[in-house]
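Read the structure below first, then the notes.
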Amino acid sequence: MSRRAPRRVSSAIGDLADRLAPKTTLADVQRVWADAVGVVVAKEATPTTERDGTLTVACRSSVWAQELDLMGPELVGRINAALGSERITALRCVASPPRSWVARET
């Protein structure tokens, strides 16, 4: 079967990324994170590990960790909605900024 028009690069890259991505709950959460929690939260926190349904989120500061703890049930619902299944049961928020945030600040 031949194509009549070239394929969009963004579509090809998206397909490739989907095929190369790990097949884990954490990888799935990381893909939907910004859309599920919003740009502001995604800028301040990032999912780092998942174990038995508990998602650990590294936050830029202890204030953000506390805020996300309070928002936990709502965020779990939004994440699961974005995933299309009930795979996350709880959030564990820690004040432990990833190294990549240090690079953003300079």
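The values are calculated or read from the model by the stated rules, or taken from the named source; none is laboratory data. Everything numeric in this text was worked out from a predicted model, so none of it was measured. Keep in mind that these areas ignore ligands, DNA and RNA; they rest on the heavy atoms of the full protein, side chains included. Shrake-Rupley method; radii C 1.70, N 1.55, O 1.52, S 1.80 Å.
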Per-region count, the stretch 23-49, residues outside any helix (DSSP H, G or I), open to solvent by 60 Å² or more (accessible area, probe 1.4 Å) and either at positive phi or not polar (S, T, N, Q) (or both): 1
Scan of the stretch 70-89 for residues that are open to solvent by 80 Å² or more (accessible area, probe 1.4 Å) and part of a helix (DSSP H, G or I), ordered by number: Leu70, Pro73, Glu74, Arg78
Failed condition for Ser61, given (1) of a type outside the set (Val, Ile, Thr); (2) over 11 Å from the mean Cα position of the chain (by Cα); (3) at pLDDT 95 or above: (3)
Restricting the stretch 50-67 to residues that are of a type outside the set (S, T, N, Q) and part of a helix (DSSP H, G or I), the residue that is farthest from Ala81 (Cα to Cα): Val63
